Every structure is written in structure tokens, then in C-alpha cells.
Ligand code: BEZ
């Protein structure tokens, strides 16, 4: 098959972020003539693929999520073989804080149970051990922690660039940017996807537009219930150049109306190596529409982060630098962080439309591309998507 033979494709992938490119990567392996449509430019900073680092972690309170993180590992190894750049810096995952707190990331005690059930090795830590081994300070005595050595800091920029270069080189993949989808028509078994750059035809659609999910699925007469977080982030200068942290997440009860969870990274060679990234895992004002987002981080969220660093971290100056934002859709459905499914049954040809939406999925990038490809081409995937299915949690668009 050739790259550009008119407007007909086997599969059109809508969304050219990390997950869209990972899907193209796997469609290429199946020799599928694929078009990837990106509404902005590839490698943009306007969606959930913004920023340069992410956490790969295995602890989750649900066993199926632990299994998914484990299953993702060989796909990371395979992608790693395509680039000399180190994609995962295996510094480990440190989870610590109040063991009773349930956050958007889960709960420490439940994660321990899930790790045990799947025989994943980890060590438990007391408050004093967390301070002694990992440079935190002034932690309440009641805090506990777990350390899981396979956790990593993901070079997300290198990941996206590796996937993008693979797509560019492929004879089967066509990449089109500045191509927002304005209409999707169904003509018999075929989809006609309308963009300002032309109308493209395919038998199958894979929809991965990140936080812009509703803009696309509304065209097929359904929508999901999501809230949108414009997440702030900043770098903090090391006052001790040798200071190093693992990837970490602190579980704490909210203070008044505001979140109180933070997460951070090691210093990384690929971005501001003299600095360390620390970020709040909460937003003060969730958005009801992705168009409400701003590229300016919320100053109060950054002020809380600085305060936490001042009180609880060593070797860092608490003044934020190199700030950024990342926009994410979060499912409003309890216990369903990721939604992976076919379109609802009332949508014509629904089994030819595969959707991934919501949640923190960067750690699954190459594996999710494989799952979406298998669902699209085979109608099923070896990885059981039952926990991620929309069920009755879709709504007719009005
Ligand atoms: C995650 O591992 O899923 C995650 C970590 C920090 C912030 C948000 C999500």
C-alpha cells in the first residue's frame, strides 16, 4: 500500500497527540492505510500531550489498572528499541501521605492490596524513612509510604517524537495537521470525514482527540460526562545540585476548598536539568468546556505548590520557573478513569468506531495504541476492556 493514494483510507484516526500517534504506530504494523487528523499542529502544547515528562507507575487501587501498567512494559521496551533516546528513566515510584486519603490517583492501602494480589514487589515506609531516604521533611508521623522500583519518569517529548518520526517514515500513514473535523457523514458502511483540508473516506474511525472528545463525538450524536482540568506545573531550581528525587505523589486531605495533593519528578537531562518539576494534582476551578482553558497557570495553585515545597522538600528553591499547563478531560463516572469502547449501539456502524477518552493515560501510550488498533481491526483486544466500557454512561448529543 502507498502513502497518498487519494482520499480513501482503511482507518482515520482523529487526534494526533501521543495516543493518536501510538495508534498509527500499531496500524502501520498491520499495514493499514491510515490517516491521522490533528486539529492543531503535531506536537502542540494545547491538549493532554503537552509538557515533556510524565510518570510511569504500577501502583493503582484497582488490580486491572496494575495489570494494565504491567502489560504496557513490553510495548515501552519495543518503542525504546526504535530510538537512542531513553524513554523511561527508572527512578521508582514513591507514594506517601495520609493512608486514609482517597485521591484521584487512588489510595495507598488499596494500592498495596492490588500490588500484593499481582505479586508486584514494593517496600513500605514510615514517615521517618520517607524523610531519611527521599529528602522530604516535616512530614506528620502518621504518614506512610510505599516505594515501587519499576516506576519511571517518562521522556514524553521523546516518546511523541519517536512515534511521530515512525509515522512520517511509514508508507502506510498520512499525517495531516491543522485539520479539525467539522462533520462526519455516514454513507452506507463508509465514513466521510470533513475537514478544511478536504473530505476523507474510511471504513473505520478511531477517536482519540483528548480533551476535545465531545467536539468530535457530538458529530456522531453522542457525548460523555467529563470535567476539564487545566493543570498547572512548574520547575524549581535545585539549591543542592546533587539533589535527586524519585517520581512521587503525596496523598493529603484537602484544605478548605482547595486540593492538597502534589506530585513531582527527578531532575531530568532532557529538560531544565538544574531544576526539578513539582506540580499540584488539583485545580481550583475545574472547567465545563475545554475552550475555557488558559495557557497561563493558576497562580494560587502554584503558590500552594511553592508553600508545600518550602515546608516539605529539601534542596529546592520554592520559586516557580518555566511554568506550563496541560488540559485533561476527567470522566465523571465513578471508578472509570479511562473510557475505551466502541461508539454506543444506536450510532450506525458503531463497531467500526473506537473511542478512547479521559484520564491520565500517558503511561500506557504504546499499549493503548495496540489496544485501540486491535479493537478497530479485530473487533476485540486481548486486554479486557470491560472496566473501561461506556456502559450506559454516554448521552445523546442534542
Ligand atoms: C498518574 O500517575 O496517573 C498521575 C500522576 C500525577 C498527576 C496526575 C496523574
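The values are calculated or read from the model by the stated rules, or taken from the named source; none is laboratory data. Keep in mind the model is a prediction, meaning the values are calculated, not measured. For neighbour counting, all protein chains shown are included, and Cβ atoms are generated from backbone atoms with ideal geometry for every residue, glycine included.
A few comments on the model shown:
- Only a single criterion out of (1) surrounded by 24 or more Cβ atoms within 10 Å (Cβ to Cβ); (2) within 21 Å of residue 60 (Cα to Cα); (3) more than 16 Å from the ligand (Cβ to nearest atom) is not satisfied by residue 354, namely (2).
- Check on residue 228, assigned to a strand (DSSP E or B) and either within 16 Å of the ligand (Cβ to nearest atom) or in contact with a strand residue (DSSP E or B) (Cβ under 6 Å, 6 or more places away or on another chain) (or both): yes
- When 39, 55, 73 are checked against the criterion of being assigned to a strand (DSSP E or B), in contact with a helix residue (DSSP H, G or I) (Cβ under 9 Å, 6 or more places away or on another chain) and surrounded by 15 or more Cβ atoms within 10 Å (Cβ to Cβ), a single residue qualifies: 55.
- Taking the criterion of being in a loop (DSSP other than H, G, I, E, B) and closer than 15 Å to residue 58 by Cβ, the residues of the range 133-150 that qualify are 149, 150.
- Qualifying residue in the range 328-351 (condition: at positive phi, touching a helix residue (DSSP H, G or I) at 6+ places or on another chain (Cβ under 9 Å) and within 16 Å of the ligand (Cβ to nearest atom)): yes
- Taking the criterion of being within 14 Å of the ligand (Cβ to nearest atom) and assigned to a helix (DSSP H, G or I), the residues of the range 359-374 that qualify are 362, 363, 364, 365, 368.
- Residue that is surrounded by the most Cβ atoms within 10 Å (Cβ to Cβ) [pool: residues in the range 259-278 that are in contact (Cβ under 8 Å) with a residue 40 or more places away in the chain and more than 16 Å from the ligand (Cβ to nearest atom)]: 275
- Residues that are assigned to a strand (DSSP E or B), modelled with pLDDT of 95 or more and over 16 Å from the mean Cα position of the chain (by Cα), drawn from the range 76-106: 89, 93, 94, 95, 96, 97
- A single entry from 144, 159, 93 fulfils the requirement of being closer than 16 Å to residue 366 by Cβ, crowded, with 19+ Cβ neighbours inside 10 Å and in contact with a strand residue (DSSP E or B) (Cβ under 9 Å, 6 or more places away or on another chain): 159.
- For the criterion of being assigned to a loop (DSSP other than H, G, I, E, B), surrounded by 17 or more Cβ atoms within 10 Å (Cβ to Cβ) and in contact (Cβ under 8 Å) with a residue 24 or more places away in the chain, residue 50 passes.
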